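Beneath this line is the structure, given in structure tokens, with notes to follow.
The values are calculated or read from the model by the stated rules, or taken from the named source; none is laboratory data. As the structure is a computational prediction, the values presented were derived from the model and not from experiment. Cβ placement follows ideal geometry from the backbone for every residue including glycine, while neighbour counts extend to all protein chains displayed.
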Amino acid sequence: MRSLPNAISVFRICLVPVFIVVYFSDERDTKLYAVLVFAIASFSDFLDGFLARKLKATSNLGKFLDPLGDKLMTISAMACITIDGLIPVWAVLVAVVKEILMATGGLILYKKSGAQMPPPNLIGKTSTVVFFIVFAALMLFPAIPRGGATALISFSIALMFTALASYIKTYISVMKK
């Protein structure tokens, strides 16, 4: 049972290529199916974290696999809707920069102080939920005017950077100890 959360994280990572293939398939209702794959991946993110805490099965591997799965799915979803012309390219670039900053900050924190990555906070969790809603809306309703789609993704990205700022604050306080 202790490896169940890691198995769920690996499952989520395996859903990334499934999402991409489903998203770009020519089948009817393809975007609905892509949203369902995205929803399963999002639920698995909640489930692996919940089980890891409940079963006291947190591990260094899990602390690597869980955010890796999240980042791969997030960037893949953004890339897909960008390729589809639903959002501007800068949105993906900004999100990739944010993810690189988060990963770099976590690595520095770990190397300098041996401290673990800070746990998810309310802002980070809210950002994740908003991201899911925005991307589901953009995939299900591609006729949203480009300006509206850009506003939605901009809001989602602003929330992601708010979460980044809260983590930076946590990093700084840990580094001062």
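Filter the stretch 1-55 for residues that are without any contact (Cβ under 8 Å) to a residue 12 or more places away in the chain, in a loop (DSSP other than H, G, I, E, B) and more than 23 Å from residue 134 (Cβ to Cβ) and give the result. Quick ask: steps written out before the conclusion?
So the first thing to find is which residues in the stretch 1-55 are without any contact (Cβ under 8 Å) to a residue 12 or more places away in the chain, and the list is 7, 14, 17, 21, 25-30, 33, 36, 43, 46, 50, 53-54.
Filter once more, keeping what is in a loop (DSSP other than H, G, I, E, B): 25-29.
Within the stretch 1-55, 26, 27, 28 meet the criteria.
Looking for something free of Cβ contacts under 8 Å to residues at least 24 places away in the same chain, of a type in the set (A, V, I, L, M), crowded, with 19+ Cβ neighbours inside 10 Å and in a helix (DSSP H, G or I) - is there at least one such residue anywhere in the stretch 130-140? Give the derivation first.
Taking the stretch 130-140 first, the residues free of Cβ contacts under 8 Å to residues at least 24 places away in the same chain are 133-134, 137.
Within this subset, residues satisfying the condition of being of a type in the set (A, V, I, L, M) are 133-134, 137.
From what's left, crowded, with 19+ Cβ neighbours inside 10 Å: 134.
After this cut, where a residue has to be in a helix (DSSP H, G or I) as well, the list is 134.
Yes, the stretch 130-140 contains at least one residue that is free of Cβ contacts under 8 Å to residues at least 24 places away in the same chain, of a type in the set (A, V, I, L, M), crowded, with 19+ Cβ neighbours inside 10 Å and in a helix (DSSP H, G or I).
Can you tell me which of (1) within 28 Å of residue 176 (Cα to Cα); (2) surrounded by fewer than 16 Cβ atoms within 10 Å (Cβ to Cβ); (3) among the basic types (Lys, Arg) is the one residue 54 doesn't meet?
Every listed condition holds for residue 54 apart from (1).
Of the residues that make up the stretch 40-55, is at least one on the phi > 0 side of the Ramachandran plot and of a type in the set (Lys, Arg)?
Kept after step one, since they are on the phi > 0 side of the Ramachandran plot, are these residues of the stretch 40-55: none.
No - not one qualifying residue is present in the stretch 40-55.
I'm trying to understand the selection: among the residues of the stretch 134-161, which are farther than 18 Å from residue 82 by Cβ and at pLDDT 90 or above? Quick ask: steps written out before the conclusion?
To start, the set of residues in the stretch 134-161 that are farther than 18 Å from residue 82 by Cβ comprises 159, 161.
Within the stretch 134-161, just 159 meets the criteria.
Specify the residue that is surrounded by the fewest Cβ atoms within 10 Å (Cβ to Cβ); the eligible residues are those in the stretch 57-94 that are of a type in the set (S, T, N, Q) and over 18 Å from the mean Cα position of the chain (by Cα). Before the answer, list the steps.
Of all residues in the stretch 57-94, those of a type in the set (S, T, N, Q) come to 58-60, 74, 76, 82.
Filter again for over 18 Å from the mean Cα position of the chain (by Cα), leaving 58-60.
Values: 58: 17, 59: 13, 60: 8.
Filtering the stretch 57-94 for residues that are of a type in the set (S, T, N, Q) and over 18 Å from the mean Cα position of the chain (by Cα), the one surrounded by the fewest Cβ atoms within 10 Å (Cβ to Cβ) comes out as 60.
Only one of these conditions is not met by residue 97: (1) more than 19 Å from residue 74 (Cβ to Cβ); (2) of a type in the set (A, V, I, L, M); (3) part of a helix (DSSP H, G or I); (4) at pLDDT 80 or above. Which number is it?
(1)
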